[in-house]
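Only one structure is covered here, and it is reproduced in the block below.
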Amino acid sequence: MADKPSDLVQGTLDMLILKTLALESMHGYGIAVRLEQMSKGVFRLNAGSLFVAFQRLQRAGLIRSEWKATENSRRAKYYVLTEQGRKRLNSETREWGRQVAAIARILETS
Amino acid sequence: MSLLRSIAGGLRSLFRKEQVTQELDEELNSFLEMAAEEKMKQGMSRKDALRAVRLERGNLEVTKEIVRSAGWESFVETLWQDLRFAARMLRKSPSFTAVAVLTLALGIGANTAIFSMANAFLFRPLPVKNADRLMVVAARTSRYDPPIPLSYAAFLDYQRQNNVFAEMTGYALDLGGLGTQGHADRIVMCYVPSNFFTMLGLRPALGRLPVPGEGDAPRSAPVVVLGYSYWQHRFGGDQRLIGQSVNLNGQAVTVIGVVEKGFKGPYATVDIDAYAPVGMYGAGTGSTTFFTAREDSDFRVLATLKTALTAQQAESALNIVAQRLAQQYPQTDQGHIIRVIPEGLARPEPAVSDSVALVTTVFLLLVGLVLLVACVNVANLLLARAAAREKEIAVRAAMGAGRLRLIRQSLTESILLAAVGGAAGAVMGNWACRTLEQVRPIGDLPIRIGFTFDWRVFSYVATIVLAAGILAGLAPALRMPRTNLIERLREGGRTLIGDSGRHWLRNSLVIGQLAGSLIVLLAAGLFARSLARAESVDLGFDRHNLLNVGINPGLQGYDQPRAEAFFRELLRRAKALPGAESASLAYSVPMSYYNDGGVVYAEGQASATKGRAPGAGFNSVSPEYFETMRIPILEGRAFSDEDTAKTDRVAIVNEEMAKRLWPGQDPIGRRFSSISASGPFVTVIGVARNAKYNVISEWPRMFFYLPLAQNYKQIRVLQMRTSVPPETLIPVIEAQVREMDPNLPMFDVMSMEKSLNGGNGFFFYKMAAAFAGILGALGLVLALVGVYGVVSYTGSLRTHEIGVRMALGANPRNIFGLILRQATILVSAGAGLGLVAALGVTRFLSSLLVGVSSYDPATFVSVPALLIIVGLVACYLPARRATRVDPVEALHYE
């Protein structure tokens, strides 16, 4: 069971995408690969949820997009973190840390 | 910000759909290519790589759908598709659409009209400051009496002693005469304390309003403020009027201002012509009892509740004050119970507001029932169409349309129908209101009903449109999922009689419809019977061939001697007219809108009767009154010309008053007073038969008559008993009055029979009977359309079966009987159910009916019989059609 790719915790995908984009702007495939690499293969992302998340984040003004050429000189849509997105990432990271710590405390006490 | 961006993004997807789709395609393609490239670097063939990506990441076509349907715009898009599809379907069958729209328009139109009236009468707040905290304060003089206005003296006490209202004001409603340069009008006016305007936050449209304290003391400020409409139509909006002197009830007063346009006055339904300071009350007659008499009930109190207090809390607080006052003034205030009622719930009078609310509720329910019947009709039509469209729906389901999607489509269609019907209905309802606005319930008074299509009416109509659309579409929509796809397609639309589920539904809808319309019809029948009973009630006088002419010489500033001379001459001329049998004068007309009344004290009984003295109405009349009205004098004598201001004060009492004040004794020669327990007294010289005095529905009440010669009134009504139709004498008598004084206005010039159609007469019975009748007719027609539709539809479904029967030897008579039997069961079941329901419902009408029980057997037998007969007639045509089926053709058809 443990070696199969896991589903993401509800609502965390947006945060992970923002985190990925915090380093540099990236196209859709790049984001998927980066997430999988960083999670060491724990997460396997479905294109459907990924692109819905892009649309959602874009409409919320947390990311914006631009068409650019890739290193292989292919045209791709790059996503860029906005100032608002950066702020949201910071606050969500803090919140996440608090929650994880709290959950860990609860689990350890028993 | 992000909401705006989301809307912008959605709009972009909606309106630049191609570009957005293309972009998404391109993006996903590049995603696919990049992923495949990765795999190919590891040595896979391109084909295998693409397959692997699809396995890992999901099908990209599906991804596109998911992304596309994730935004809100996809909902709008489907809705738009559904709407276009629904509109196309409705256009395709214009006769179905026309019938459904017309049905809904009738139902919604009737609802709009009734609601607009309720809105105008009850729901719309006064356009004043703090309208939500505005209360009416009224007093019940005993536990059994309805709440009535206070006396001005009591108002002052409550104003001083209460701690629950931010402010208290009020008004005394009166008829007055306002004249300028030889022309006088009879007007409706309010006498108000100076804080009336400030408390209600009113502004002048012109000039100024009274300043605080101005005119509150008796006779201190001879000024007047005009109502906007009166200023417009009487003075043409002349701005120079401000500062000018006019004649108000014979007193010279200065016009200081005009009140703002939006404010029509504090009394629901009457457009007030003028406002005078409360200190001017009675200035024309020289009487100042208004300011001190605690037994009066002329002052309608308005109060602004302090924030965070409720009407109940205010009521309890005021009743503590009331107990204090009862100790202080036991003669007049004993037993008073104060009521604090939100202004909107106390219209037009706190005493009758309960029945106004009841009438409104009853009619809203009846009209709601009519709408329900209309909805069922449309539901049945939709069901029939759903059956015809079964194949189409099955195909759509097979193509992948989900159940919810199909239900949504079906509801979109019925709501669209309801919206079109609602638009037509709103126009119809508005038209009905305009027509109703022409109806004048009381004489010449400036009645304002003011139907306007405000947001309340609009949201009500929108709500019932939505409800009607959902109601009508629900039955066919809910049937969607139950349709077994494969079977429908295989059957090829052929439905045998075995489809009992749908028959059950359609039949019960028709039964419910018949039951609903029977309830409405029964209510209509009861109101009609009630009107007939009210009209045949013994009024105690002869209403036929009687003409009334109202005159007030005070409008031209006549003093008492001049007015009395005028009336003597008028009476002489009236009696001499050809066609006039007799003529008399009186202060008030029975069942009209003003009358006298007060408490009476029988001489020597004041200490014997505990608590309050009993109340009685009275009228001041000339000697010929009883002859002209044909009211029999049972004992003693009528007034004569010998009873003058110089002789003994006399009175004639009615039977009821004689019986109640002097039970078992001869009333002639007894004395009573209408002023105080210690007199002055008047002597009873005669007993008149009981009659109706104030309202048609009243029980025999105490009443007495005083001679005009001993009780001067400047407002008088000339009444003429005629030998010709009374209307024919109107121009003749008007010419006579004009000859005597060309500037003197006459009012309420009409026959007694017409006068009896006023607000206290038959008006409400007629309106109720007319409304209920229209609703009943509407319900009946709609129910018949429903029965006809269902019977002819099932007839057409059974064509095949009937063909088989006829081929096997059934004759047309058998077939006719077969169809009719089914129809009879339907109609009788509907009538039976309606009858049972109505028996439970009509008792709520009992307080609105006169002389008719709410279980009136005649109505409860004849109306259902009518419904059954008419229902069967509606079945006749389809049943006849069924007998004409040609067996060969019917069998071929399959």
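Quick note: the coordinates plus some simple rules give every number you see, no bench work behind them. Quick caveat, the model's predicted, so the values are computed rather than measured. Glycine also receives a Cβ, built like all others from the backbone with ideal geometry; neighbour counts cover every protein chain displayed.
Some notes on this structure:
- Sorted ascending by nearby beta carbons within 10 Å, beginning with the fewest, B:VAL20, B:VAL791 become B:VAL20, B:VAL791.
- Unit charges on C-beta of K, R, D, E only; dipole of chain B, Debye: 2680
- Whole-number Å³ per residue for the convex hull built on Cα positions in the stretch B:546-755: 125
- For the stretch B:80-152, the share of alpha carbon pairs falling in successive 5 Å distance bins from zero is 3, 11, 9, 10, 11, 10, 8, 8, 7, 6, 5, 5, 4, 1 percent.
- Rounded to 10°, Cα long-axis angle of helix A:83-109 versus longest principal axis of chain A: 20
- Long-range Cα-Cα pairs in the stretch B:262-303 (distance over 11 Å), rounded percent: 75
- Built from the Cα atoms of the stretch B:594-706, the convex hull projects on average onto 7.4 nm², one quarter of its surface area.
- For the stretch B:102-164, the Cβ-based charge dipole about the Cα centre amounts to some 120 debye (Lys, Arg positive; Asp, Glu negative; other atoms uncharged).
- Summed over all non-identical Cα pairs, the Kirkwood treatment of the stretch B:2-71 gives a radius of 13.6 Å.
- Other protein chain Cβ atoms within 10 Å, averaged over every residue that makes up A:51-63: 5
- Each helix, a run of at least 4 DSSP H residues, gives -39500 (n - 2.57); summed and divided by the residues of the protein assembly as shown, these come to -17000 deg cm²/dmol at 222 nm.
- Using only Cα coordinates, the Kirkwood hydrodynamic radius of the stretch B:149-348 works out to 17.7 Å.
- Kyte-Doolittle mean at least 1.6 and Cα axial length at least 27 Å: DSSP H helices in chain B: B:353-388, B:763-797
- Cβ-based charge dipole, chain B, positive-most Cα from B:LEU372, B:PRO878, B:ALA221: B:PRO878
- Once the Cβ-Cβ distance of B:SER582 and B:GLU698 is raised to the sixth power relative to R0 = 35 Å, the FRET efficiency obtained is 0.85.
- Convex hull per residue volume in Å³, alpha carbons only, for the stretch A:12-109: 110
- Normalised per residue, the volume of the convex hull around the Cα set of chain B (Å³): 237
- Stokes-Einstein D (µm²/s) once Rh is taken as the Kirkwood radius of the protein assembly as shown over alpha-carbon pairs, at 20 °C in 1.002 mPa s: 60
- Here the calculated FRET efficiency for B:SER862 and B:THR728, from their Cβ-Cβ distance with R0 = 35 Å, stands at 0.35, rounded to the nearest 0.05.
- Within straight-line reach of B:LYS646, meaning a Cα separation under 20 Å, sit the following aspartates and glutamates at least 8 residues removed in sequence or on another chain: B:ASP559, B:GLU564, B:GLU624.
- Given charges at Cβ of Lys, Arg, Asp, Glu: chain B dipole, positive-most of B:GLY425, B:PHE115, B:GLY525: B:GLY425
- Sorted by Cβ density within 10 Å, fewest first, the residues B:PHE15, B:PHE704: B:PHE15, B:PHE704
- The shape of the stretch B:1-152 can be summarised by an equivalent ellipsoid whose semi-axes, obtained from the alpha carbon gyration tensor, come to 66, 26, 14 Å from longest to shortest.
- Taking the Cα centre of the protein assembly as shown as reference, the dipole from Cβ charges on Lys and Arg (+1) and Asp and Glu (-1) amounts to some 3640 debye.
- Most positive-pole-ward Cα, B:GLY176, B:SER796, B:PHE816, against dipole of the protein assembly as shown from beta carbon charges: B:SER796
- Max-minus-min Cα coordinates of the stretch B:334-442 on each principal axis give 81, 34, 19 Å, with the largest extent listed first.
- Cross-link pairs beyond the 25 Å C-alpha cut-off, checked among B:LYS575/B:LYS713; A:LYS40/B:LYS39; A:LYS87/B:LYS39; A:LYS87/B:LYS17; B:LYS264/B:LYS713; A:LYS77/B:LYS64: A:LYS87/B:LYS39; A:LYS87/B:LYS17; B:LYS264/B:LYS713
- Proximal aspartates and glutamates relative to B:LYS306, as straight alpha-carbon distance under 16 Å, when same-chain residues fewer than 8 apart are discounted: B:ASP132, B:GLU167, B:GLU315, B:GLU343
- Partners for A:LYS19 among aspartates and glutamates (Cα-Cα distance below 20 Å; same-chain residues under 8 apart left out): A:ASP7, A:GLU36, A:GLU66, A:GLU83, A:GLU92, A:GLU95
- Computed E for A:SER91/B:LYS92 - FRET, C-beta separation, R0 51 angstrom, nearest 0.05: 0.35
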